[in-house]
Amino acid sequence: MSIFKIQKKDGNKKVQSSKTKQQASRTVQELLDIRGIENNIITNTNRCKYYIRIAPKNINILTNEFLLNEILNLKAVLNLSDSIEILVVDKVERLEDNKNYIIDLINNSTDEVTRMLLERDLQGLKQLESEKGSSREFYIIVPFKTEDSQSKQAVSNIQQVLEERGFTVLSCDKKVLKNMLQVYLERNFSGEIIKDFDI
């Protein structure tokens with residue numbers, strides 16, 4: 001089941017007066033207080049949150065000196081605003097297209113050796129998909145009440161400081177945010193493209 005919105009089948013029926021029935025008919029989207037998702041932004045009732053996705057660094061190979069430097073770089077970013085939030089979630093990689101492509105090749109192949117090798121590739125992809133929960137994605141979240149020139153400038157400043165301090169800023173479009181919510185709220189690592197409506 002998708003986490004975003006449950007569309008009522010009986011949308012044309014009269015609104016029922018019972019408070020319990022009204023609560024039961026609320027959408028998942030309303031319960032999570034998600035008014036909209038667009039590139040980099042999730043809108044709630046009272047504010048918007050701008051998501052900046054950054055690539056993680058392998059701190060296991062850094063010396064103590066470099067690790068301290070990374071902490072200071074992150075501190076410099078966090079000092080730009082007192083409302084910055086950090087979100088770390090398990091990473092999901094979408095391998096469904098790759099799997100479907102290999103399945104098509106298997107179905108269309110007439111050579112037994114080729115089919116056997118493709119089936120091994122498919123098993124490898126499935127194993128990779130089951131192990132991918134160990135990696136992480138990092139988000140810097142900038143909340144603001146309205147999307148105006150001041151909030152855009154604040155986000156631009158944070159992105160600029162991130163890049164100046166050696167952080168790699170990745171794209172964070174609507175599909176990335178939906179997948180992140182799917183992992184964060186449902187622990188769903190399927191990587192499937194999720195729809196905005198359940199039914």
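Odds and ends about this structure:
- On inspection, Asn44 does not qualify as on the phi > 0 side of the Ramachandran plot and open to solvent by less than 60 Å² (accessible area, probe 1.4 Å).
- Filtering the stretch 29-56 to residues that are more than 15 Å from Ser171 (Cβ to Cβ) and touching a residue at least 24 places away in the same chain (Cβ under 8 Å) leaves Gln29, Leu32, Ile34, Ile42, Asn46, Arg47, Cys48, Lys49, Pro56.
- Set Ser151, Ser171: member being more than 17 Å from the chain's Cα centre (by Cα) and not aliphatic (A, V, I, L, M): Ser151
The values are calculated or read from the model by the stated rules, or taken from the named source; none is laboratory data. Source: prediction; values computed, not measured. Glycine also receives a Cβ, built like all others from the backbone with ideal geometry; neighbour counts cover every protein chain displayed. These area figures cover heavy atoms from the full protein model, side chains too; ligands, DNA and RNA do not enter into them. Shrake-Rupley method; radii C 1.70, N 1.55, O 1.52, S 1.80 Å.
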